[in-house]
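Down below is the structure, laid out as C-alpha cells.
The values are calculated or read from the model by the stated rules, or taken from the named source; none is laboratory data. Bear in mind that the values here come from a model prediction, so they are computed numbers and not experimental data. Here the Cβ is made from the backbone with ideal geometry for all residues, glycine too, and neighbour counts use every protein chain on show. Areas reflect the complete protein model, heavy atoms only, side chains present, ligands, DNA and RNA absent. Shrake-Rupley method; radii C 1.70, N 1.55, O 1.52, S 1.80 Å.
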Amino acid sequence: MQITKFFLYFGMFVLAFFAAAHYYLYLRLRDIGYKKHIFNFLLVAVPVDYLRNRTKYGWSAWPAYLVWPLLVGGLVLLVIGVFRL
C-alpha cells in the first residue's frame, strides 16, 4: 500500500477513535443528568465537564486526556494524506 493512502486511512481511523472517545465521555455525563442539545455539544465542554465530575463518580481521567491528542493527530495525518495524493 502506498504511504499516502496509509496516512489518509490511518488519519480517518484515528478521527473515528476520537469521535468514539468523545461520545463515551458524553454518555457518561448524560447518565448523571448532563442535558445539552446538539449546538452545545462542543469539543471543549464535554471533556472539561467530565474532568469536573470524575472524582465525584470515581471515573478515570485518561479518556478525557486522550480526546485532544486523538483529534490533533488524526487531523494532521488526514491533512498529510490528502495533500500527498
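At the residue level, Arg30 shows approximately 110 square angstrom of accessible surface with a 1.4 angstrom probe and all protein chains present. Angle, helix 3-31 long axis vs. longest principal axis of the chain, Cα atoms, 0 to 90°, nearest 10? It works out to around 10 degrees.
Taking a straight Cα-Cα cut-off under 24 Å and skipping sequence neighbours fewer than 8 places away in the same chain, the lysines within cross-link reach of Lys56 are Lys35, Lys36.
Tilt of helix 62-83 relative to the longest C-alpha principal axis of the chain, in degrees (0 to 90, nearest 10)? For helix 62-83, the angle is close to 20 degrees. Compared with the alpha-carbon gap, the fully stretched path from Tyr24 to Ile3 is longer by 4.4 nm at 0.36 nm per residue.
About its Cα centre, the chain has a charge dipole of approximately 160 debye under the convention of +1 per Lys or Arg Cβ and -1 per Asp or Glu Cβ, with nothing else charged.
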